Amino acid sequence: MSVVPLPVPAVPTFESFGLPRKVLAALVLEDIETPTPVQSAVIPDALAGHDVLGRAQTGSGKTLAFGIPVVARLAGEKSRINRPRAIIIVPTRELAGQVERSMELVARAVKLKLATVYGGTRYDRQVQQLRQGTDIVVATPGRLRDLIDKGILQTDDVQVTVLDEADHLCDLGFFPEVDELLSLTPEGAQRLLLSATLDGDVDVLVKKHLRDPRLHELDSSSASVTTMDHHVLTVGGFRDKVAAAVALVEANPRSIVFTRTREGATELRDALAEQGVNAVDLHGNLSQRVRERNLERFSTGRAQAVVATDVAARGIHVDGVGLVVHFDPPTDPKAYLHRSGRTARAGESGAVVTIATLRQLTSVAQLQRTAGVEARHHDVRTAPSPMTAEALASSGTLKAPARKKAGGPQGPRGGYAGKGRRRDERPGRRGGRPARPSTARARRG
């Protein structure tokens with residue numbers, strides 16, 4: 001009996017989507033040749049005019065998953081003054097810039113005008129762009145609503161509205177604004193919603209504003225990226241914590257370190273600088289100009305590391321980040337996954353290290369279990385040197401150490417730092433503010 005082999009499913013290509021020739025050429029210029037899974041799933045339905053609901057993690061290529069259909073739909077026509085035909089709503093200024101950069105070449109290939117509007121900057125340039133007939137507006141909710149209220153931007157001609165990172169929009173308290181903004185667009189307009197999770201307020205937006213959406217779930221809402229290794233590094237006290245952060249960044253020069261507070265981010269950046277590590281900070285206390293400058297320094301490799309807060313986490317969309325360090329453990333599993341998602345993007349590998357004191361081990365273990373993460377555990381005294389991602393992956397144990405009172409000589413190698421705890425090391429004190437190693441005693445004095 002002869003066996004007839006089953007046909008091998010054809011691998012989707014951008015050409016198979018029927019995209020405009022100039023869009024295909026622009027993708028080739030960007031070295032984008034094969035669609036990612038989220039692009040293969042979303043683009044055909046979006047091109048067909050359906051509302052689309054997509055769940056995918058950061059780094060999966062979802063910006064172009066909605067960006068390409070938007071550009072293809074608007075190509076060949078011009079927008080009227082102050083009346084864009086597509087609006088892309090994002091949670092942060094940094095993400096607005098990232099979306100603009102991702103879409104710019106493709107949009108320009110078919111002579112579409114793209115503009116970003118967000119707070120913290122002057123109106124002049126944004127108003128001028130809208131008056132020149134901008135086709136696609138990438139906006140944060142506050143500034144977008146402000147421009148609409150002033151009559152500078154009108155939504156009559158909007159054909160497509162995109163919510164990018166809808167869950168983060170809701171987490172930041174923008175649900176009322178987004179709900180109202182969607183109501184201001186024409187009822188028959190297409191709506192695309194991309195999010196890492198689809199529960200809570202996101203579900204409310206879906207049920208209220210999307211019509212029979214095509215659902216594409218590319219990742220489990222709790223699963224971590226398969227190319228991402230997770231670790232817990234146990235330290236005895238706060239001085240060990242800072243020393244461990246320095247050692248990790250020195251061994252992994254493309255790193256992002258997360259702190260719980262803005263002040264903590266600035267002080268840890270200074271502590272890294274004192275040890276010769278070129279780092280920048282990224283948080284809400286900085287002006288938009290400084291935030292963009294710092295992110296650009298990290299993106300281009302002029303800074304080894306960026307120290308950021310949770311709010312700034314979603315704005316960091318930089319490829320090639322090999323390590324994420326949770327200097328202050330996050331408060332919930334969702335924040336853990338969002339922070340960790342800055343590495344292992346677009347199929348690359350990456351590592352995530354949570355620095356924890358003995359008192360924090362139980363809560364960190366529970367956090368990771370809820371997030372669906374299995375982590376290797378390391379003791380800072382016996383951890384490999386240098387602590388590269390590769391060395392960590394082949395050391396440590398899957399079993400968390402038993403909690404016991406720290407003691408022994410000071411320092412990360414000879415033992416945990418001191419028997420006592422400084423006041424700023426206690427759990428609950430906003431994650432502890434990272435004093436600079438060389439000035440810690442002076443500050444206490």
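The values are calculated or read from the model by the stated rules, or taken from the named source; none is laboratory data. Worth saying up front: this structure is predicted, and the values here are computed from it rather than measured. Cβ placement follows ideal geometry from the backbone for every residue including glycine, while neighbour counts extend to all protein chains displayed.
Here's the yes/no breakdown for (1) small (G, A, S); (2) crowded, with 21+ Cβ neighbours inside 10 Å; (3) in a helix (DSSP H, G or I):
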{"position": "H231", "(1), (2), (3)": "no, yes, no"}
{"position": "E292", "(1), (2), (3)": "no, no, yes"}
{"position": "V306", "(1), (2), (3)": "no, yes, no"}
{"position": "V318", "(1), (2), (3)": "no, no, no"}
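Where residues in the range 165-188 are among the small types (G, A, S) and over 14 Å from G54 (Cβ atoms), which of them is surrounded by the fewest Cβ atoms within 10 Å (Cβ to Cβ)?
Here the residue is G188.
Can you give me the number of residues within the range 178-214 that are under 18 Å from F66 (Cβ atoms), outside any loop (DSSP other than H, G, I, E, B) and out of contact with any helix residue (DSSP H, G or I) (no Cβ under 8 Å at 6 or more places or on another chain)?
Of the residues in the range 178-214, 1 are under 18 Å from F66 (Cβ atoms), outside any loop (DSSP other than H, G, I, E, B) and out of contact with any helix residue (DSSP H, G or I) (no Cβ under 8 Å at 6 or more places or on another chain).
Considering each of L248, L198 in turn, give the residue that is on the phi < 0 side of the Ramachandran plot and modelled with pLDDT under 95.
Exactly one of L248, L198 is on the phi < 0 side of the Ramachandran plot and modelled with pLDDT under 95, namely L198.
Give the residue that is surrounded by the fewest Cβ atoms within 10 Å (Cβ to Cβ), with candidates limited to residues of the range 126-140 that are of a type outside the set (S, T, N, Q) and either in a loop (DSSP other than H, G, I, E, B) or modelled with pLDDT of 95 or more (or both).
Residue satisfying both the conditions and the ranking: G133.
Pull out all pairs, ordered by first then second residue, where Cβ-Cβ is under 9 Å, the residues are six or more apart or on different chains, the first lies in the range 189-208 and is surrounded by 15 or more Cβ atoms within 10 Å (Cβ to Cβ), and the second is acidic (D, E) and part of a strand (DSSP E or B).
L192/D164; L193/D164; L194/D164; S195/D164; L198/E217
Within the bounds of the range 287-308, is there any residue that is in contact with a strand residue (DSSP E or B) (Cβ under 9 Å, 6 or more places away or on another chain) and of a type in the set (D, E)?
The answer is no, given that none of the residues of the range 287-308 is in contact with a strand residue (DSSP E or B) (Cβ under 9 Å, 6 or more places away or on another chain) and of a type in the set (D, E).
Against the conditions (1) surrounded by 21 or more Cβ atoms within 10 Å (Cβ to Cβ); (2) free of Cβ contacts under 8 Å to residues at least 12 places away in the same chain, where does V162 fall short? Just the number, please.
V162 satisfies every listed condition except (2).
Residue pairs, Cβ under 9 Å, 6 or more apart or interchain, first in the range 111-138 and aromatic (F, W, Y), second assigned to a strand (DSSP E or B). List them.
Cβ pairs passing all conditions: Y118/V138; Y118/A139; Y123/V117.
Scan the range 258-273 and tell me whether some residue there is within 19 Å of the chain's Cα centre (by Cα) and under 23 Å from L398 (Cβ atoms). Spell out how you get there, then give the answer.
Going through the range 258-273, the residues within 19 Å of the chain's Cα centre (by Cα) turn out to be 258-262, 265.
Of the ones still in play, those that are also under 23 Å from L398 (Cβ atoms) are none.
Within the range 258-273, not a single residue is within 19 Å of the chain's Cα centre (by Cα) and under 23 Å from L398 (Cβ atoms).
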